[in-house]
Amino acid sequence: MIRYEIYLAQYGWSVLCFIGYTANNTNEICCALEDIDCNGESLTEAYGHLLKDSNDRGLTYSNVKKRRSVVAIGKSSDHASIVNTIAHELFHVVVHICSHDGIDLQSEKPCYIMGELCEKIFNSL
């Protein structure tokens, strides 16, 4: 598993990514979720989700007040599938940022945010 932190300076937003996780990484990811105040039912659901077969799975949780997100991308042997899951989960982050900051999802800004996130993920692999 690759653990990589992305910081989007323009938005003051931090994204902690776990790429290629397996069920064995559940506790580590859940600790990261707790660090951004994911708790109660949300944490219990995340724990159960992460314990399942991780192929083609992903999870995103954001604390918009803290401007922090945790993204987990399951292990996959299929490159196209992992790209699909990465894009899916990063889009959740883009929506969280835009919703919190009042950015129109039909403007160019969300596309630039997504592009920056994808570029930083690609450079981490």
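Taken as a whole, the condition of being more than 19 Å from Glu5 (Cα to Cα) and open to solvent by less than 70 Å² (accessible area, probe 1.4 Å) does not apply to Leu51.
Please state which one of Arg57, Arg68 is touching a helix residue (DSSP H, G or I) at 6+ places or on another chain (Cβ under 9 Å) and modelled with pLDDT of 95 or more.
Details: Arg57 fails: modelled with pLDDT of 95 or more.
Matching residue, one of Arg57, Arg68: Arg68.
For the stretch 12-34, residues that are surrounded by fewer than 18 Cβ atoms within 10 Å (Cβ to Cβ), out of contact with any strand residue (DSSP E or B) (no Cβ under 8 Å at 6 or more places or on another chain) and either closer than 23 Å to Val95 by Cα or without any contact (Cβ under 8 Å) to a residue 24 or more places away in the chain (or both) total 5. If the condition is being assigned to a strand (DSSP E or B), in contact (Cβ under 8 Å) with a residue 40 or more places away in the chain and open to solvent by less than 70 Å² (accessible area, probe 1.4 Å), then the stretch 61-93 contributes Ser69, Val70, Val71, Ala72, Ile73, Gly74.
Residues that are touching a strand residue (DSSP E or B) at 6+ places or on another chain (Cβ under 6 Å), more than 24 Å from Leu125 (Cα to Cα) and among the charged types (D, E, K, R) are absent from the stretch 79-95.
Screening the stretch 1-34 for residues that are in a helix (DSSP H, G or I) and in contact with a helix residue (DSSP H, G or I) (Cβ under 8 Å, 6 or more places away or on another chain) and picking the one that is farthest from Asp78 (Cα to Cα) gives Glu34. Scanning the stretch 94-125 for residues that are in contact with an Asp or Glu (Cβ under 8 Å, 6 or more places away or on another chain) and open to solvent by 60 Å² or more (accessible area, probe 1.4 Å) yields nothing. Within the stretch 36-43, identify whether any single residue is open to solvent by 40 Å² or more (accessible area, probe 1.4 Å) and either at positive phi or under 13 Å from the mean Cα position of the chain (by Cα) (or both), and answer yes or no. Scanning the stretch 36-43 turns up at least one residue that is open to solvent by 40 Å² or more (accessible area, probe 1.4 Å) and either at positive phi or under 13 Å from the mean Cα position of the chain (by Cα) (or both).
The values are calculated or read from the model by the stated rules, or taken from the named source; none is laboratory data. Quick caveat, the model's predicted, so the values are computed rather than measured. Heads up, the Cβs are rebuilt from the backbone with ideal geometry, glycines too, and the neighbour counts pull from every protein chain shown. When the accessible area is computed, the model is the full protein with side chains, heavy atoms only, and any ligands, DNA or RNA have been set aside. Shrake-Rupley method; radii C 1.70, N 1.55, O 1.52, S 1.80 Å.
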